[in-house]
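The values are calculated or read from the model by the stated rules, or taken from the named source; none is laboratory data. The structure displayed is predicted, hence computed values, not measured ones. Heads up, the Cβs are rebuilt from the backbone with ideal geometry, glycines too, and the neighbour counts pull from every protein chain shown.
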Amino acid sequence: MSLKWVSAMILKIINKVGFCLSLLVASFSLHSRAEVELLKPSEAFQIRSAVATSRGLDVEFNIAPGYYLYADRFVFEIDNKIFNVLAADLPPGHKKYDELSGKEITYYRGVVLIHLRLDKPSARYKLTAQARGCADAGVCYPTVSRTFEINEVLP
């Protein structure tokens, strides 16, 4: 082996290592630029409206793109002790395996309309709607809540 050949091999190795290092640095800088800026809970999960009808109460949730709400994390409470929420009719949702719970879960994206069946609808009461969800980036949020004053029942 000649000294010239060994020097050429060392230069090739240095060039390859340098190229790999530059790829690594580029990948870190791209990753830092691609970091997701998370929304506030009230922006990611908006509880938009609650409309009383003769059949019950319709509650609308607006979920920002890149976020989802868990189907089993909706809670609805009425301040009027004369009647109760009998059931919340949830629309069909998406299904996925949840690593944290170790089971299949149902979740929602976009706009979700939930119908609440009430045993004795009244003209005046307060409804508190709660929900919990996560960002696709892997961050889960605390429960969001909104209270509505219901003053009239629509036909």
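Some values worked out for this structure:
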{"read-out": "Filter pass, L57 being part of a strand (DSSP E or B) and touching a Gly at 6+ places or on another chain (Cβ under 7 Å)", "value": "no"}
{"read-out": "Of all residues making up region 141-155, the number that are modelled with pLDDT of 85 or more, surrounded by 11 or more Cβ atoms within 10 Å (Cβ to Cβ) and out of contact with any Gly (no Cβ under 7 Å at 6 or more places or on another chain)", "value": "7"}
{"read-out": "Failed criterion for P92 (all others in (1) surrounded by 11 or more Cβ atoms within 10 Å (Cβ to Cβ); (2) at pLDDT 95 or above hold)", "value": "(1)"}
{"read-out": "Identity of the residue in region 59-89, among the acidic types (D, E) and loosely packed, with under 14 Cβ neighbours inside 10 Å, that ends up modelled with the lowest pLDDT", "value": "D79"}
{"read-out": "Complete set of residues in region 95-129 that are farther than 12 Å from L57 by Cα, touching a residue at least 40 places away in the same chain (Cβ under 8 Å) and either of a type in the set (D, E, K, R) or loosely packed, with under 11 Cβ neighbours inside 10 Å (or both)", "value": "R109, R124"}
{"read-out": "Residues of region 130-141 satisfying the condition of being assigned to a strand (DSSP E or B) and either without any contact (Cβ under 8 Å) to a residue 12 or more places away in the chain or under 25 Å from N80 (Cβ atoms) (or both)", "value": "Q130, A131, C140"}
